[in-house]
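Taking it in order: structure first as structure tokens, then the write-up.
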Amino acid sequence: MADITTGSFGGGASTVRLRAALEKIAIPVGALIVSALLFSVFLLALGKNPLTFYALIWQGGFASSFSIQNTLQRAAPLILTGLAFAVPATIGLTMIGAEGALVLGGFAAAAIAVPLVGAEAPVALTMLIMVAFAMAAGAMLTMIAGWLRHARGVNETISTLLLTYIAIATMNFFVEGMLRDPNSANKPSTVPIGDAYKVGTIPGTDVHWGLAAGLVLAVLLYFLMYRTTFGFAARVTGGNPRAALAQGLPVGKLILTCAAISGACAGLAGYYEVAAIHGQANASLVAGYGFTGILVAFLARQNPLAVVPVAILFGALDASGGLIQRRMDLPDATIQVLQGLIFVVLLASETLTGRIRFFQAGAGK
Amino acid sequence: MTVEMLTTILIAMLGGAIRVSTPFMFVALGETITEKSGRINLGLEGNLVLGAMVAYGVSYETGNPWLGVLCAGLSGVFLGLIHGLICSLPRVNDIAVGIAMMTFGIGVAFFFGKPYIQPSAPRLESLPLGGWSDNSALRSALEINPLFFVGIIAAVAIWWMLANTRPGVILRMVGDSEPSARAMGVNPIRVRILATAAGGFMAGVGGAFLSLSYPGSWNEGLSSGQGLMAVALVIFARWNPLRCILAALLFGAAGAIGPALQSVGISQGYYFFNAAPYILTLFIMIASARSGARAAVAPGELSIVK
């Protein structure tokens, strides 16, 4: 999804820019409101009270310090997978392989930890190596797709999808085979890394450091994509690849770099899933964060900074799921229906981009 | 490896290929119809899962599994129509809408499917075509579900229609060149909406096979991504309905290698063979990308080949 409206080329008056920025917020927010209304109709048809539903989302997602921490905990991987979709989308690539990069990254971290933990290597060094392996494994996966796209013209959406399945099968192959912890009878897993090597929580909270990593990366990637020549070149390529080639931009390098950033972000999410949550690699890594990240990035209009609040919103939806299930006697898939609905309405709303006169006023078109 | 072991493996692969291929065949045929119109529906996984749930629920409530199959198809039409209508709006990306519809379809299936996880619904009876053999493994491999044959008949019918009928020609024209379709007085948007709905129907029926035949129950882990594979299968089959049958059988057989080896005690590499269809597809995509042969058969309006 090339966001060709992003650049403010020669934007003169500041009101023009302001209104253009407002459009990027107003249309997604409008889509959120429309989905909430549609979902209310759905709930009413089932004889449930929509107001109770939204009150419970507030309660489960934001009302207490416990629920806020729960929300942030769930938002952490979504920030990273959201970035994993947003960065290549800026250059015009629809890469949906964050799920696979997350799984492969988490697995690589857990696998390299086994000998290091066995040899009682220093904790900091072990963590560093695990992070490096996770990010490299994730990046490798998406770079294959990026390279195939550039060199052979293989559609990156399909190839990242296939690579996701290959990544999951690779993890299963090792986890059920040579890297299986003999003590993991019911759920084949790698040998646990042990508490000493796990990532702690941010002081004063129950939220692991993956959230901080996500925030830092979101800011860094925003600067990279919107404040550097690299980012400018990437956005030009996303807007018009042929023009970029004609301008002599190194399109191949740009594509590979964006793909690598994407996989590294998702791989890092996998690292935190292993090192902060599960303590080992197993099928729990396949939790759908990669696919929800696509939705997060779309709602954020592929802007790395906007990914953060959107991921928190979806973290809150996720966090309130259990409460809604208990209090309203609704199935746990309720949140998934709402997410799907938001996604569909949001994409339909893209058609309004550039067609509402208010946002175009003064643009001189 | 002895001869008996090899025979066991081959029979298990044959049975596996026939069983596993049926949903592949339906999603591939559905995706072929949609892609022939120049649009891609990446959301058939949603149709498949919703179809499986609807088929099982209807079969349980009415006692008639074939009514379940029909309703599964109609649920696919419902999702296909939403996809088709939204993609008809300007500036909307069909690939992203597919992912959204997948999330939505699976969510709806899980939402309404909760009460049907436990109860046992009437299944589709398989036809015992191996009665002539006294090899019990071969007999069970040849217990073939009628939907398998429905799929083959549908493939031949779609192939014939695409080549010889007016709707078939219109569909191909819309997919190959929107301007010429407009010049002929055809409304491409309407054709694409109908093609997506028809494709959705096929995928819904494929889902019915999952819950009413093999594996033969409804639960949330029922599909292992067959719907997502549809897009790859169609590329593999080069948009030809007859080759969809072969592609589905091949994918079924590749997926059956692992369990077949396991049946003779070789468990090493089970998961490697699980990945076989995906690796195979990736290599086929690499080999056929930018090749003249593919460019000649791929619908010209399709976003993934542009």
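Couple of notes before you dig in:
- Of interest is the spacing of the C-alpha centroids, which for segment A:181-209 and segment B:156-213 amounts to 51 Å.
- With K and R counted +1 and D and E -1, the other residues having a Cβ less than 15 Å from that of A:Gln247 yield a net charge of +3.
- Model label sites at B:Leu127 and A:Ala26, defined 7 Å from Cα along the beta-carbon direction, differ in position by 6.2 nm.
- Among residues other than A:Leu93 with Cβ under 10 Å from its Cβ, the summed charge is 0 (Lys and Arg +1, Asp and Glu -1).
- Convex hull of chain B built on C-alpha atoms - directionally averaged projected area, nm²: 17.0
- Computed from the Cβ-Cβ distance with R0 of 35 Å, the FRET efficiency linking B:Leu246 to B:Asn135 stands at 0.85.
- Shielding by partners for peptide B:35-44, expressed as the average number of C-beta atoms from other protein chains within 10 Å of each residue's C-beta, is 1.
- Three-way shape label, segment B:8-68, alpha-carbon gyration tensor, a/c 1.5: oblate
- For segment A:126-232, the residue among A:Ile129, A:Ile193, A:Thr142 whose Cα projects farthest onto the positive side of the dipole built from Cβ charges is A:Thr142.
- Chain A: most fluctuating residue of A:Glu23, A:Glu99, A:Glu156 per GNM, C-alpha cutoff 10 Å: A:Glu23
- Ranked by how many other Cβ atoms sit within 10 Å of their own Cβ, fewest first, the residues B:Cys71, A:Cys265, B:Cys87, A:Cys258 fall in the order B:Cys71, B:Cys87, A:Cys258, A:Cys265.
- Peptide A:92-98, shielding by other chains (average Cβ, 10 Å cutoff): 2
- Cβ-placed point charges (K, R +1; D, E -1), dipole of chain A about Cα centre in debye, nearest 20: 1220
- Counting only the Cα atoms, the protein assembly as shown fills a convex hull of 178 Å³ per residue.
- Max mean-square fluctuation residue, GNM over chain B, Cα-Cα springs under 10 Å, options B:Ser21, B:Ser288, B:Ser213: B:Ser288
- Using just its DSSP H runs of length 4 or more, each adding -39500 (n - 2.57), chain B gives a mean residue ellipticity at 222 nm of -24000 deg cm²/dmol after division by all residues.
- Put the Cα centre of segment A:212-243 next to the Cα centre of segment B:127-155 and the gap is 56 Å.
- Lys/Arg +1, Asp/Glu -1 at C-beta; chain B dipole; positive extreme among B:Val49, B:Phe24, B:Gly175: B:Gly175
- Neighbour-count ranking [beta-carbon atoms within 10 angstrom, fewest first] of B:Trp160, A:Trp209, B:Trp132, B:Trp239: B:Trp132, B:Trp160, A:Trp209, B:Trp239
- Calculated mean residue ellipticity, 222 nm, chain A: -22500 deg cm²/dmol, from DSSP H runs (n ≥ 4) at -39500 (n - 2.57) each, averaged per residue and rounded to 500.
- Nearest-0.05 FRET efficiency for B:Ser120 and A:Ala212, computed from C-beta distance (R0 45 Å): 0.35
- Taking 7 Å steps out from each Cα toward its Cβ at A:Ile129 and B:Phe272 produces label points 2.6 nm apart.
- Computed about its Cα centre, the charge dipole of segment B:1-64 is approximately 140 debye, with only Lys, Arg, Asp and Glu carrying charge at their Cβ.
- Pairwise inverse Cα distances across segment B:165-306, averaged and inverted, put the Kirkwood hydrodynamic radius at 17.5 Å.
- Close amide H partners of B:Ile144, meaning residues 5 or more places away or on another chain with modelled amide H under 5 Å apart, are B:Leu127, B:Leu129.
- Shielding value for B:221-228 is 1, the average number of Cβ atoms from other chains within 10 Å of each residue's Cβ.
- With Cα atoms defining each centre, segment B:231-257 and segment A:57-118 are spaced 34 Å apart in the structure.
- Considering only alpha-carbon pairs that sit under 8 angstrom and 6 or more positions apart, the relative contact order computed for chain B is 36 percent.
- Put a plus charge on the Cβ of each Lys and Arg, a minus charge on the Cβ of each Asp and Glu, and nothing anywhere else: the dipole of chain B about its Cα centre is then about 840 debye.
- Span-like helix ranges in chain B, DSSP H, alpha carbon extent 20 angstrom or more, Kyte mean at least -1.0: B:3-36, B:44-62, B:65-87, B:94-113, B:146-164, B:188-212, B:241-263
- Pairwise Cα distances in segment A:3-159 exceed 27 Å in 55 percent of cases.
- Options A:Ala218, A:Ile261, A:Gly239, ranked by Cα towards positive dipole end of segment A:204-324, top entry (Cβ charges): A:Gly239
- Value of relative contact order over segment B:150-306, rounded to a whole percent, pairs C-alpha under 8 Å and six or more apart: 24
- Neighbour counts of other Cβ atoms within 10 Å put B:Arg39, B:Arg19, A:Arg19 in the fewest-to-most order A:Arg19, B:Arg19, B:Arg39.
- FRET efficiency estimate (nearest 0.05) - Cβ-Cβ, A:Ser184 to A:Phe223, R0 25 angstrom: 0.05
- Shown for segment A:51-129 is the translational diffusion coefficient from the Stokes-Einstein equation, using the Kirkwood radius over Cα pairs, a temperature of 10 °C and a viscosity of 1.306 mPa s: 100 µm²/s.
- For chain A, the Cα gyration tensor yields ellipsoid semi-axes of 34, 28, 18 Å (square root of five times each eigenvalue, largest first, whole Å).
- Most mobile of B:Met161, B:Met202, B:Met101 in a GNM of chain B (Cα contacts under 10 Å): B:Met161
Bear in mind these aren't lab numbers, they're just calculated from the coordinates by the rules spelled out. Note that the structure is a prediction, hence the values are computed from the model and not measured. Cβ: placed from backbone, ideal geometry, glycine included. Neighbour counts: every protein chain shown.
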